[in-house]
Every structure is written in C-alpha cells, then in structure tokens.
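Here the structure is laid out as structure tokens; the discussion comes afterwards.
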Amino acid sequence: MSMINYASREINCKIVYYGPGLGGKTTNIEYVYDKVAPNTRGKLISLATETERTLFFDFLPVDLGTIRGFKTRFHLYTVPGQVYYNASRKLILKGVDGIVFVADSQQERHDANVEAMHNLYDNLAEHGHDPRRMPFVIQYNKRDLPNVLSLEALDQALNPTSVPSFEAVGTRGIGVFDTLKAVSKQVIKQLS
Amino acid sequence: MSGAASWSFEESDARRIDVLLGSFLRESHARCALLVDRTGQLITVAGERPDFDSTAFASLAAADFSANDQLASMIGEQEFSTLFHQGEKDSMYLADVARRVILIVLFDERATLGMIRIKVRSMVRELAEIFAQLFQRVMGDGGGSRLESSWVDEAEDEIDRLFGS
C-alpha cells in the first residue's frame, strides 16, 4: 500500500495491470510512456523474454508533480500474463494500490480472461486484499478486431460488481488514458 | 480497507536512520546505502548520491529480493536474509530488515565483503528496532496517515492535466 514519506515529501502509489497473456498490458504502459511529457516519466523497465513476452514485469514511474508540497508519483507495473508465471504475478501484487484488468475482447480469449480474473482474485486474497474494496477498473481491449464479444457478454463474464470499465484499442492508444485516469483517481481518493 | 496510506515515514524517523546509516558508511567504507520497502519504493538514501535512476533501482531490488524469497522457499529455507551481487568494480549487499524493508549497500574495492557483512548484521538489528516502532505507531494510528481532501482535489486536477481531461 502507499507510503507517505514525510522526510523526502514523496507519495508513491502502485498500479498493476493484470490480465491474460497477449491482452495488451505492456502495450498500455508503452503507450503511456510514449505520450506523457518526457520530464514526467522515468525509465521504462521491461523484464521480458527474447520474444518480448513479459517474464517478470514492466515498470514505469509517472510523476504527477508536486502537490501541496508532496512529490506524487504513480508506479505502473504489468504482470506476465502467461499461466505458468503465477509466482511472478503474485510478487508484483505486493503493496498494490490499484488494479487495471486488461481483458482481451476476442471471443476465443473468453476462457483466458475468466481464468486470469479468477487468478487475480486468488492472488489478491493471498495478500489480504478484497478486489471489491480497492481501486479497480477493467479495460476491454482490442475492440477494433472483428471477432469481439459484446460489452454485455464481457461484463457478465468479468464484471459482476460493475466496476468502471473502458473500451480500448491499446495499439492506437484508444482508451488507454481513460483507463489510467479512472484508476489513478480512485487510488488518490483512498489516501484521504 | 483503511482508506489511508498504510504507513508513513516521518522526518524524525529519517533523522534517526540517517545517523545510523552515516556511521555505518564511515565504519564499513561503503559508498552508499539505500532503504527500499518490499513493495519497491525508495525510502531513503545515505552516502554518495547514486548517479542511476533510483526509482527504477528500488523497484528492481525489491523484485530481486522477492524472487529470491521464493527460491529460498523452494529449497526448504524460510528466506535468504541477505543477498550478495559481485561486480568487477562495484558490488551490492542486500539485507532484509523486519520483513518490510531492504537495506542495500553499494561498495567498491575500498571496502571488504567481510567487513560489510559484519557491519550490516548489527545495522540490521538497529534498523529493525526503529521500523518495529514505526509500524507500531502506524497500527496505533489506526492504519496510517491521511491527506487533506484539498490535496485530493488538486491531485485529481493534475491527473486530468497529465492524462487528458
């Protein structure tokens, strides 16, 4: 969870992008990296395999600036989506302040989405978090592809508690900042 | 959920720790010491200011420690309480503090691993006491610090500005 560092006057918040493999988690934070002003972002770190699949995590710090004397920063992380990297996923969730679940809207990824959501609930529970009581948004990605499920079907499968959800086309940046804005505002509200 | 930061690091905590880290660096001849929390956030730095991206460094160090924790449990150990990474010129020694914080010491050929190891051991004991008190205080506060609602309003405006309104 967030730490308020009164000594260095800093507040850091951790936002984790979670979801099935190849759903577009890394694409989201790469787009953020490309589009925010260079002086507001740190280095984009990717611990990936040779084939550019996330092995451990991607990490991007984004500075919100100094607010009432506190330098405020979001730490954006992605987890590896592939099923067999669960140990890594669990580690990245340590101290999480907000979650973005990036679902792949394609029909054939329905089961992978559901499995990843169950896995998220299990892993959050291990850290003592209840996803229904923490900043949490869902992004339905790849809306430009022809074989996508309807929003109703996706909501029914993945969003029974009606958390805020956003349509996105990560490769073109559509919905990327709407998603980030929604989760970061939720995270900020938790601090007051 | 508490609805607040889970813990806070006060200026008085920083002063106590700076004194401790300062004497540790003098006695061990290490270049620099960093404290990072287990979630990957930098708490404080003492000694030579690092010329690398300390935010990224903190995140990677926490991941390194967490991955090694899992490796330890796989071979039947509860934890690896310290890690050592040897470089050609510069090396790193990492030590767990009270299961919440990691002490990272950067040193070069002016220091010896043996001396670092000995000094870190006593340093960790003292740091653990300070952090135990700190977390006790947080629990006593009912979960940690809260920020004023005006701070939240201003932060929301900044989010709109940075991420587009």
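Do we find that A:Gly95 is more than 8 Å from chain B (Cβ to nearest Cβ), surrounded by 20 or more Cβ atoms within 10 Å (Cβ to Cβ), touching a residue at least 60 places away in the same chain (Cβ under 8 Å) and part of a loop (DSSP other than H, G, I, E, B) in this structure?
So A:Gly95 fails the test.
Give the residue that is modelled with the lowest pLDDT, with candidates limited to residues of region A:128-138 that are open to solvent by less than 50 Å² (accessible area, probe 1.4 Å) and within 14 Å of another protein chain (Cβ to nearest Cβ).
Only one residue tops the list, namely A:Pro131.
Exactly one of these conditions fails for A:Val163: (1) β-branched (Val, Ile, Thr); (2) free of Cβ contacts under 8 Å to residues at least 40 places away in the same chain; (3) surrounded by fewer than 16 Cβ atoms within 10 Å (Cβ to Cβ). Give me its number.
Tallying (1) β-branched (Val, Ile, Thr); (2) free of Cβ contacts under 8 Å to residues at least 40 places away in the same chain; (3) surrounded by fewer than 16 Cβ atoms within 10 Å (Cβ to Cβ), A:Val163 fails exactly one: (3).
Only one of these conditions is not met by A:Phe56: (1) facing another protein chain (nearest Cβ under 8 Å); (2) farther than 18 Å from B:Arg38 by Cα; (3) open to solvent by 20 Å² or more (accessible area, probe 1.4 Å). Which number is it?
(2)
Sort out which residues of region A:169-178 are in contact with a helix residue (DSSP H, G or I) (Cβ under 7 Å, 6 or more places away or on another chain) and more than 15 Å from A:Val62 (Cα to Cα), and write them in order of number.
The answer is A:Gly170, A:Thr171, A:Gly173.
Tell me, please, whether a residue that is at pLDDT 95 or above and open to solvent by 20 Å² or more (accessible area, probe 1.4 Å) can be found in region B:60-72.
no
Given the conditions (1) surrounded by fewer than 24 Cβ atoms within 10 Å (Cβ to Cβ); (2) within 12 Å of another protein chain (Cβ to nearest Cβ), which single one is not true for A:Asn123?
Going through (1) surrounded by fewer than 24 Cβ atoms within 10 Å (Cβ to Cβ); (2) within 12 Å of another protein chain (Cβ to nearest Cβ) one by one, A:Asn123 breaks only (2).
Does A:Lys71 satisfy being facing another protein chain (nearest Cβ under 10 Å) and not acidic (Asp, Glu)?
The answer is no for A:Lys71.
Do we find a residue being facing chain B (nearest Cβ under 10 Å) and open to solvent by 10 Å² or more (accessible area, probe 1.4 Å) anywhere in region A:166-179?
For region A:166-179, residues facing chain B (nearest Cβ under 10 Å) and open to solvent by 10 Å² or more (accessible area, probe 1.4 Å): present.
Tell me which of these B:Ser81 doesn't satisfy, since it passes every other one: (1) within 14 Å of another protein chain (Cβ to nearest Cβ); (2) modelled with pLDDT of 90 or more; (3) out of contact with any Lys or Arg (no Cβ under 9 Å at 6 or more places or on another chain).
Status for B:Ser81: all satisfied but (1).
State whether one or more residues within region A:97-115 are over 26 Å from A:Gln156 (Cβ atoms) and in contact with an Asp or Glu (Cβ under 7 Å, 6 or more places away or on another chain).
No, region A:97-115 contains no residue that is over 26 Å from A:Gln156 (Cβ atoms) and in contact with an Asp or Glu (Cβ under 7 Å, 6 or more places away or on another chain).
The values are calculated or read from the model by the stated rules, or taken from the named source; none is laboratory data. Just so we're clear, the structure is a prediction, and the values are computed from it rather than from any experiment. FYI the Cβ positions are ideal-geometry reconstructions off the backbone, even for glycines, and counts take in every protein chain you see. Ligands, DNA and RNA are stripped out before the accessible areas are found, and what is left, the full protein with its side chains, is counted by its heavy atoms. Shrake-Rupley method; radii C 1.70, N 1.55, O 1.52, S 1.80 Å.
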